[in-house]
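In what follows, a structure is listed as structure tokens, so that the remarks can point back to it.
The values are calculated or read from the model by the stated rules, or taken from the named source; none is laboratory data. A quick note: this is a predicted structure, and the numbers were derived from the prediction, not measured. Cβ coordinates were reconstructed from backbone atoms using ideal geometry, including for glycine residues, and neighbour counts include every protein chain displayed.
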Amino acid sequence: LRHPKLPCKNGIVNEAGLTPLTLACRIGRDEVFREMLELSAREFWRYSNITCSGYPLNALDTLMPDGSTNWNSALFIILNGTKEEHLNMLDGGIVERLLDEKWKTFARNQFLKRLLILALHLFCLSCSIYLRPVHVFKDDDDADDADGVTDAPDASDDEGIDLTTWFRYG
């Protein structure tokens with residue numbers, strides 16, 4: 001894929017607004033996707049078989065340099081993909097590192113905040129259900145009431161007090 005005299009132009013956009021990298025993602029060609037990533041990489045240094053490379057994020061990341069969202073980015077296409085090849089594109093390499101950094105930077109705090117709100121909501125809901133006023137009925141054989149409503153409780157009678165009052169005032 002490397003031309004000896006002319007370097008490739010990764011920024012060319014077709015009529016659908018896709019670059020070669022995003023087109024490889026759209027059609028699910030993970031081999032072409034990995035090769036395009038390696039072609040666009042900029043090598044900073046090499047020591048034996050260890051290489052430090054930088055990858056341009058223009059076509060890969062969902063955020064543009066001006067802060068707007070790139071809906072045709074490779075990451076967005078990979079995450080919304082339905083083929084098994086889209087899962088292969090996530091394994092290892094720059095895409096996994098990019099997702100990990102995005103999780104640490106943006107999503108983890110949002111997730112923990114929403115989890116805390118959900119736990120607080122669940123706690124309040126549980127307390128309101130367990131402490132709702134449920135009346136304890138007296139076992140009077142001479143009671144004429146068939147509707148299940150009790151009389152007003154006496155101060156010396158603990159059987160007519162609702163459970164909330166009993167929990168609060170013992």
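Scanning the range 26-38 for any residue that is surrounded by fewer than 14 Cβ atoms within 10 Å (Cβ to Cβ), assigned by TED's automatic domain parsing to the domain that holds ARG97 and in contact with a Gly (Cβ under 8 Å, 6 or more places away or on another chain) turns up nothing.
Here the condition is being modelled with pLDDT under 85, loosely packed, with under 15 Cβ neighbours inside 10 Å and either in contact with a strand residue (DSSP E or B) (Cβ under 8 Å, 6 or more places away or on another chain) or not β-branched (Val, Ile, Thr) (or both); of ARG2, ARG46, it holds for ARG2 alone.
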